[in-house]
Amino acid sequence: MEQLKNEQLLQEDHLQLADAAIAELEKTLAQSKHATVRHALKDLLNQWQEQRKNAESRLQRIDTELQRLTAPSEELGEELITKLQKFASGRGLNLVLALGGFVLIYLGLIGLGRLIRRLPSRKHEPGTRRLARAIALLLRTLTVTLALFTAMLILYVRGDWLLFGLMVLLMITLIWGLQKSLPRYIREIRLLLNMGGVREGERILYNGLPWRIASLNLFSTLYNPLLDGGLLRLPIDRLVDLQSRPYSPEEPWFPSQVGDIVILEGDIYGKVLLQTPEIVQMQIMGATTTFSVADYLGKKPRNLSRDGFAIPINFKLNYLHHETILTDIVLTSRAYLEEQLAQQPFHPHLTGLLVEFNEAANSSLNLLIVGMFTGAGAEDYWSIHRFLHRTILSACNHYNWAIA
């Protein structure tokens with residue numbers, strides 16, 4: 001618009017200049033008597049008249065364009081309103097009626113299905129759950145089919161052949177796509193009917209973790225009781241290529257649970273603070289350390305808290321004691337260890353003590369000492385380990401046994 005205004009000023013100046021030139025030429029032409037001069041003046045006058053005409057024409061077009069841009073276009077608004085009214089009373093109304101019919105039938109049948117599911121039934125009895133799933137799947141398919149049929153029937157009755165044809169084309173496209181994916185959809189249907197390789201209530205491995213299949217549906221639910229946030233909702237297609245199996249009640253769902261004391265590969269000792277499907281956090285030497293679940297399982301955690309633990313020690317004595325090690329030394333060292341253990345705070349967790357001759361090595365006679373404890377004593381694991389070493393050394397000093 002600014003460019004048009006600048007050109008308007010330019011054309012107005014050009015028009016004023018042309019008027020002044022024409023007036024001066026007409027005055028000069030009236031005073032001139034010489035034929036040659038008058039002829040030249042007439043040619044020049046014609047040129048300026050032509051320029052004035054062009055300037056007027058261009059100025060008129062600019063004024064018209066500026067008026068169109070600045071003045072509200074009532075005709076355009078009226079035309080738009082007319083087109084909208086025509087659409088709303090014609091194809092727009094047909095589209096709204098078709099969508100309304102689809103939504104009404106779909107929601108009505110979905111609500112009916114939910115009402116039927118709330119009625120008292122014997123779905124928990126053997127042999128009835130599969131039938132219930134089949135009926136639910138059939139009802140869902142029937143719901144979509146009737147809703148689409150209703151929408152097409154409305155377009156047919158209204159005589160809107162364009163929308164009807166588009167809907168038929170859409171249906172053909174969907175059927176063609178389903179034909180290519182039919183084998184996979186059949187496998188998904190088998191899963192929904194609890195007849196596939198994955199079945200409700202069984203155990204399955206997903207992302208390296210065991211899960212119990214709580215429910216099978218379009219979005220199935222997997223549950224792990226030992227994980228925080230151990231509830232996964234997965235689309236049914238994620239389960240098509242997996243395999244579940246019945247499980248024993250004694251099978252563990254995870255190597256540890258929150259509060260357990262575990263030892264990882266490399267003698268990494270710590271307490272489990274948090275375990276989720278993605279991470280495991282442990283308190284190690286007073287600091288919180290985070291492992292991914294894959295890294296944690298890869299370090300082969302040994303749970304000290306769950307079923308208890310044992311601490312073995314291989315202690316080497318000199319061959320000077322080869323005559324007494326099988327009788328006197330084994331019994332004496334056992335009695336000495338039991339006496340010292342009775343005075344320790346972790347003694348209530350002791351379940352057994354083994355002291356036996358282990359082997360005759362090349363340069364030593366080896367004693368095997370094993371202390372066995374309940375899981376409640378797991379937090380004293382390293383204290384017990386140091387105590388056993390310290391106590392057997394004290395026994396050697398007390399009874400003058402030579403160490404190899």
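Where a number appears in this text, it was derived from the coordinates with a stated rule and is not lab data. This one's a predicted model, so the numbers in the text were calculated from it and none came from an experiment. Using ideal geometry, Cβ is built from the backbone for each residue, glycine included, and neighbour counts are taken over all protein chains shown.
Taking each DSSP H run with n ≥ 4 as -39500 (n - 2.57) and averaging over every residue of the chain yields -18000 deg cm²/dmol at 222 nm.
Shape verdict for the stretch 309-399, please, from the Cα gyration tensor: rounded (a/c under 1.5), prolate (a/b greater than b/c) or oblate. Show your work: numbers first, answer last.
Details: a/c = 2.28, a/b = 1.89, b/c = 1.21.
Since a/c reaches 1.5 and a/b is larger than b/c, the shape of the stretch 309-399 is classed as prolate.
Cβ-to-Cβ counts within 10 Å put V262, V96, V370 in ascending order as V96, V370, V262, the fewest first. Does the chain classify as rounded, prolate or oblate by the C-alpha gyration tensor (a ≥ b ≥ c root eigenvalues; a/c under 1.5 gives rounded; else a/b over b/c gives prolate, otherwise oblate)? Oblate, since a/c reaches 1.5 and b/c is not below a/b. Whole-Hz Karplus values for the stretch 318-334 come out as 6, 5, 4, 9, 5, 7, 10, 5, 7, 10, 5, 5, 4, 5, 5, 5, 5 Hz, taken residue by residue from phi with 6.51 cos²θ - 1.76 cosθ + 1.60 and θ = phi - 60°; glycine and proline positions read x. Structure remark: mean-square fluctuation, Gaussian network model of the chain, C-alpha springs under 10 Å; the largest value among A40, A361, A294 belongs to A40. Residue-wise HN-Hα couplings along the stretch 278-290, as the Karplus relation 6.51 cos²θ - 1.76 cosθ + 1.60 with θ = phi - 60° gives them from phi, are 10, 9, 10, 10, 10, 8, 10, 6, x, 10, 8, 10, 10 Hz; Gly and Pro carry x. Over the chain, with a Gaussian network built from C-alpha contacts below 10 Å, which listed residue (I154, I329, I62) shows the highest mean-square fluctuation? Highest fluctuation of the listed residues: I62.
Computed from Cα atoms, the angle from the helix 2-31 axis to the main principal axis of the chain rounds to 20 degrees. Could you give the distance between the Cα centres of the stretch 1-30 and the stretch 347-404, to the whole Å? For the stretch 1-30 versus the stretch 347-404, the Cα centre distance is 119 Å. If you count Lys pairs in the chain whose Cα atoms are under 17 Å apart, skipping same-chain pairs closer than 8 places in sequence, the total is 5.
Springs join every pair of Cα atoms under 10 Å in this Gaussian network model of the chain, and among L331, L231, L69 the largest mean-square fluctuation is at L69.
To the nearest ten degrees, helix 35-70 and the longest principal axis of the Cα atoms of the chain are 40 degrees apart.
Please order I105, I172, I261 by the number of other Cβ within 10 Å, starting at the fewest.
The fewest-first ordering by Cβ neighbours comes to I172, I105, I261.
Inter-label distance, D228 to E356: 4.3 nm, where each label sits 7 Å from its Cα along the C-beta direction.
How far, in degrees from 0 to 90, does helix 129-158 lean away from the longest principal axis of the Cα atoms of the chain, to the nearest 10? For helix 129-158, the angle is close to 0 degrees.
When a footprinting reagent is the concern and you count Cβ atoms within 10 Å, what order do S248, S57, S305 take, fewest first?
Numbers: S248 6, S57 11, S305 21.
In increasing order of surrounding Cβ atoms, one gets S248, S57, S305.
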